[in-house]
Amino acid sequence: MFLKRYIPLAIVFVVGVTMLASWFIPHSPFDAFEIHATQWFDIIASFAMILGALNLLKIQSSKLIHRKRDWQYSLAAILGFFLTLTFGFILKGGHFLVLKDVGNNPTAVVNELSQELQIDNKIANNIYAIPETGDGIKIKKQYYTQNKAIEFKNRLETAGAVVEVKEVIWGGHLQQNNTYFAWIFKNVFTPLSATMFALLAFFVASASYRAFKVRNLEATILLVAGIIIMIGRVPLGVFITNWIPRTSFFSFLRLEILQEWIYQYPNAAGARAIMIGIGLGIVGTSLRVILGIEKSFLGEK
Amino acid sequence: MKNRGIWLKIFLLFILIFNFAIGGEININVEVDKSDAEGQLVNMLITGIDNTTNFKVFKKLGDESQWIELKSINKLSSKIYIKNDILTSLKVVTYDDNEKIIEEAISELFITKAQWFNTSRLAKFIFLLVTSFLILFYIEKAKKKKEIYLRPIAGLKAFEEAVGRATEMGKSVLFVPGIMDLDQVETISGIIILGYVSKMTARYETDLNVPVARSIVMEAGKEIVRESYMSEGRPDQFNSDMVHYLTDDQFAYAAGVNGIMLREKPAAVFMQGKFYAESLILAETGNSIGAIQIAGTGSQAQLPFFITACDYTLIGEEFFAASAYLSQDPKLLGSIKGQDMVKAAIMIIIVVGVVFESFGAEFFKKLLG
Amino acid sequence: MSKFLENLGSIDRRYIFLIIAIVVFLPLIFPLGLPVEPTNLTIDSFNAIDKIPKDEKVLISFDYGPSTKPEIHPMAIAILRHLFTNGNRVIIICLWPDGLFMARQALQQVAVEEFDLTYGVDYVNLGYRPGNEAVIKGITRSFPANFAVDSRAIEIKEIPLMNGVQSLKDIGFIFSLSAGYPGSVEWVQYASNPLKIKTSTGVTSIQVNEILPYVTSGLLQGIIAGMPGAAEYEQLLVNNDIHPVIGKAGKSMDAQSIAHLVIVLFIVIGNISYFAKRKKEKKY
């Protein structure tokens, strides 16, 4: 009981009060406590991710093994999981060449480089045909497979250059181009994310169609304001009311001016009021949690 | 006659030396700026040269032997940030056009210290104390069995109705605790509400499905659901896979939850926590399967989407008051009352502030920091 | 007729989706050339950036990912064009891991291909650091402590642009390209408000409501609001002879205009049906 109830509450209290105090006390050790505490949380969350991954695998594998309903989706989930894991931890890609010496026939080497990199001979000459400088010059092209890199290396060596094949450093493969991870990010993750976000356009249309009904006065005001903002925010609104001179008394009836006014005044006022309420709610909940008044998140009554 | 000539030479020599001393003396003054609560700030002033002179400023910390150039200093009067709690000195060096040193000057040793209290945040500290006092005061009042009235909130009353509907239809309840981690207060509130909903599902023996986007939330959710089922005397009904992890990514999570909704067609969907752009995707999909939807969030930008697509929405403070409302615990109800008193005080301050500002009296704004 | 009007209110949502898809697709193929008129919020942001002195360094935070790329990436391109045209030097950091890829793409297009600038002298990409707002709080004290190397693993002390930049206090202007958390709100709360550094932001349309109070209270200098805002900024670049042609956001505004109009029509149709049903219920 003591371990389960009082120690967690004590930890919450001490850490909560210290974090609050650190905002008001700029003197050390409080000044850096906020940063350290946030970083500790990030470290814990990062390790906790392993738990989540194992849980995901466990549930999806169970569905797959027992051929439960829609097991095919579980197969897709598991395959995607292991493929990304492989590209993140095992297969890096990102092979590149380092030109150590152009050799006795720089023209031939430059020709090969300009052909492979698809740049002008003159530019290739300026960049690569210089005397040997210590570690060599990195050739600005990366290959997914080592074989492709070796193929180009052989062509350069035939032309007389001294070349070395290297691989992108561990960790760097997550950020650089022409690695398997970058491929999966660019060709799978990016289009899928953009697609999900694009669904919002369709859902906004169906939600508006269903929900914007003139039931009472407030709903009518909401509807009219919504229409003004929807049309006024886009060039169509400018086009519709362009005939009203900007300098005339009635310029406020121009849709783009009207929508801006609605956005900046009644809308911002309402948003601010809700923000104050939410802020107070957060303060109240946080105080209840820190002071141990709210214990249900520990499973207590 | 001979004596007068000697005195004249001495006098001229004195004038020469004096002029040389006045014209060539460079000086660097450093004053610790006490207005910065974090310390670290000093005001540096270089005299004896003008803006056309080439100069560089260096600093030396403590016992270090090397002077470090401060490359961003190019004005004779500058604010410089220095490490706290370490004796520091500054040096100014002037150069000719060939980068040859002409002369240099070193400041006195100084030390910057952070304050123990950031006085610029005094108003916020007082607000915190007043808020805490009011909340604790009303909690004490509520403990003395004083009845506290909370206005009925339709969304909270509908919790039991929603779970009941799912039970009657033989379908499951889907609970989405938001997409953020447990460091967000909204997620904590969502998890607390999960505790109450899981008590109802335990009581009515309804299936509960809680897909989460963060591993720590998964663990906290499992714990709270387990406790709820135990407290209802249904430990056998609890299955740790009720609360399961999907993915951290926002839209991948939305896709996963949508998939669950479309395949399993839950009769009741609770969306309680912190949401971002995926809120409308979830709410519309829930609407398309005919589920009763109760949403609650402190994410102000997502409220319009939930209000449009869901049957009930807990707006802002209502969401944070849910735990007090559902439990009817006097202590929690008292804290809500205290919060309301703070809100009333804020409203008065806003009105007073607007009146003062309208008449050009800025002291009230400055008082509040 | 009344039956038809009543049925109008219960169109299958899939027809709505199909119509939306068509009306978005067609203007992209057959542009209408509707004029883009900059609004005050965007103009304020433009002016704030235009007034940045040349010797002040600008920090841009790429806090968005592929999902919001269509809305925010055009803003990033426009901002970079504006800054580089004015001769400002840019330091880039990313609080989102995906932001690094977005930053790379933007810099490749503008800094490398359009302006042919020198990395490390005219601009630098410090990359992504985990920690959300802790990173912001950290760089208010020390850049090197949080960004020991940049995104190319070059040590920060070897980058000429970072000379004299010890902390955020040495930065003249902050611009946050934000799609959520962490983003503009955190930059205002932990950097621009405490340190009094001028800040502007570009956000998704959904977020504008949340950020607007910061703009009206002066904590932010203007805001580029979603894709319409990005189109307005592109138009401002054209109007001020900074860039000759309008960008991707401007070209997409025809599609957005027609889509909004169609949504309004759907709302009107829905209300016609609602009134028809109400009339019938009153009758019986």
(request) Looking only at the stretch A:284-296, decide whether some residue is of a type in the set (Lys, Arg) and assigned to a helix (DSSP H, G or I). (result) yes
(request) Could you grab me the full set of residues in the stretch A:187-209 that are more than 9 Å from chain B (Cβ to nearest Cβ), under 18 Å from the mean Cα position of the chain (by Cα) and more than 15 Å from C:GLN105 (Cβ to Cβ)? (result) A:VAL188, A:ALA198
(request) Restricting attention to strands (runs of 3 or more DSSP E) lying wholly within the stretch C:168-250, give those where 2 or more residues are more than 23 Å from C:ARG81 (Cα to Cα) and in contact with a Pro (Cβ under 6 Å, 6 or more places away or on another chain). (result) none
(message) Quick check on this structure: which one of B:ALA309, B:ALA295, B:ALA254 is at the interface with chain A (Cβ under 8 Å from one of its Cβ atoms) and at pLDDT 95 or above?
(response) B:ALA254
(request) Kindly check whether there is at least one residue in the stretch A:247-258 that is surrounded by 15 or more Cβ atoms within 10 Å (Cβ to Cβ), among the aliphatic types (A, V, I, L, M), over 18 Å from C:THR216 (Cα atoms) and touching a residue at least 12 places away in the same chain (Cβ under 8 Å). (result) yes
(message) Is it the case, given these coordinates, that B:ARG226 is of a type in the set (Lys, Arg) and within 14 Å of another protein chain (Cβ to nearest Cβ)?
(response) yes
(request) Kindly indicate which of B:SER65, B:SER77 is more than 27 Å from the chain's Cα centre (by Cα), surrounded by fewer than 14 Cβ atoms within 10 Å (Cβ to Cβ) and touching a residue at least 12 places away in the same chain (Cβ under 8 Å). (result) B:SER77
(request) Within the stretch B:103-120, work out how many residues are assigned to a loop (DSSP other than H, G, I, E, B) and either modelled with pLDDT under 85 or out of contact with any helix residue (DSSP H, G or I) (no Cβ under 7 Å at 6 or more places or on another chain) (or both). (result) 9
(request) Return yes or no: is B:ALA213 small (Gly, Ala, Ser), farther than 28 Å from A:ILE78 by Cβ, more than 8 Å from chain A (Cβ to nearest Cβ) and in contact with a Phe, Trp or Tyr (Cβ under 8 Å, 6 or more places away or on another chain)? (result) no
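Each row is one residue, and each column tells you yes or no for (1) over 15 Å from C:ILE49 (Cα atoms); (2) at pLDDT 95 or above; (3) crowded, with 22+ Cβ neighbours inside 10 Å; (4) not hydrophobic (A, V, I, L, M, F, W, C).
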{"residue": "C:LYS196", "(1), (2), (3), (4)": "yes, no, no, yes"}
{"residue": "C:SER200", "(1), (2), (3), (4)": "no, yes, yes, yes"}
{"residue": "C:GLY226", "(1), (2), (3), (4)": "yes, no, yes, yes"}
{"residue": "C:GLU234", "(1), (2), (3), (4)": "no, yes, yes, yes"}
(message) Let me spell it out: the conditions are (1) in contact with a helix residue (DSSP H, G or I) (Cβ under 7 Å, 6 or more places away or on another chain); (2) more than 7 Å from chain C (Cβ to nearest Cβ); (3) farther than 27 Å from C:VAL24 by Cβ; (4) assigned to a helix (DSSP H, G or I), and A:GLN264 meets all of them except one. Which number is the exception?
(response) (2)
(message) If I go through the stretch A:124-161 residue by residue, how many of them are more than 13 Å from A:LEU113 (Cα to Cα) and either hydroxyl-bearing (Ser, Thr, Tyr) or in contact with an Asp or Glu (Cβ under 6 Å, 6 or more places away or on another chain) (or both)?
(response) 5
(request) All but one of (1) farther than 17 Å from C:ILE197 by Cβ; (2) in contact (Cβ under 8 Å) with a residue 40 or more places away in the chain hold for C:PRO130, so report the exception by its number. (result) (2)
(message) If I filter the stretch C:106-152 down to residues being among the β-branched types (Val, Ile, Thr) and in a strand (DSSP E or B), which single residue comes out as surrounded by the most Cβ atoms within 10 Å (Cβ to Cβ)?
(response) C:VAL124
(message) Of everything in the stretch B:268-290, what is of a type in the set (Gly, Ala, Ser) and at the interface with chain A (Cβ under 10 Å from one of its Cβ atoms)? Give them in sequence order.
(response) B:ALA277, B:SER279, B:ALA283, B:SER288
(message) What pairs come out if I take residues in the stretch C:51-72 that are within 9 Å of chain A (Cβ to nearest Cβ) and pair them with residues that are in a loop (DSSP other than H, G, I, E, B) and among the hydroxyl-bearing types (Ser, Thr, Tyr) whose C-beta lies under 7 Å away, six or more apart or interchain?
(response) C:THR68/C:THR204; C:GLU71/C:THR204
(message) If a residue must be crowded, with 24+ Cβ neighbours inside 10 Å and over 24 Å from the mean Cα position of the chain (by Cα), how many such residues does the stretch B:311-324 contain?
(response) 2
(request) May I ask you to verify whether C:SER217 is under 17 Å from C:LEU26 (Cβ atoms) and either touching a residue at least 60 places away in the same chain (Cβ under 8 Å) or hydroxyl-bearing (Ser, Thr, Tyr) (or both)? (result) no
(message) With the requirement that a residue be touching a residue at least 40 places away in the same chain (Cβ under 8 Å) and away from every other protein chain (no Cβ under 11 Å), what does the stretch C:5-30 give you?
(response) C:LEU5, C:GLU6, C:ASN7, C:PHE25, C:LEU26, C:LEU28
(message) Where the second residue is crowded, with 17+ Cβ neighbours inside 10 Å and among the polar types (S, T, N, Q) and the first is assigned to a strand (DSSP E or B) and lies in the stretch B:83-99, which pairs have Cβ atoms under 7 Å and are six or more apart or on separate chains?
(response) B:SER89/B:SER107; B:LEU90/B:SER107
(message) Which numbered condition in (1) of a type outside the set (Phe, Trp, Tyr); (2) at pLDDT 90 or above; (3) within 25 Å of the chain's Cα centre (by Cα); (4) part of a helix (DSSP H, G or I) is the only one that B:VAL352 fails?
(response) (3)
(request) Can you tell me which residue within the stretch B:257-267, out of those that are out of contact with any Lys or Arg (no Cβ under 9 Å at 6 or more places or on another chain) and more than 8 Å from chain A (Cβ to nearest Cβ), is surrounded by the most Cβ atoms within 10 Å (Cβ to Cβ)? (result) B:VAL257
(message) Restricting to the stretch C:1-30, count the residues that are in a loop (DSSP other than H, G, I, E, B), modelled with pLDDT under 90 and loosely packed, with under 14 Cβ neighbours inside 10 Å.
(response) 2
(request) Evaluate the following for B:GLY155: is it away from chain A (no Cβ under 14 Å) and at positive phi? (result) no
(request) Return yes when C:SER176 is more than 13 Å from every other protein chain (Cβ to nearest Cβ) and in contact (Cβ under 8 Å) with a residue 12 or more places away in the chain and no when it is not. (result) yes
(message) Could you tell me how many of the residues in the stretch A:268-301 are free of Cβ contacts under 8 Å to residues at least 40 places away in the same chain and more than 8 Å from chain B (Cβ to nearest Cβ)?
(response) 6
(request) Mind listing just one residue for me: the one in the stretch C:237-269 that is farther than 19 Å from C:ALA21 by Cβ and crowded, with 21+ Cβ neighbours inside 10 Å and, of those, farthest from the other protein chains (Cβ to nearest Cβ)? (result) C:LEU237
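The values are calculated or read from the model by the stated rules, or taken from the named source; none is laboratory data. Here the structure is a predicted model, which is why all the values come from computation and not from measurement. Note that we place each Cβ from the backbone using ideal geometry, even for glycine, and neighbour counts take in every protein chain shown.
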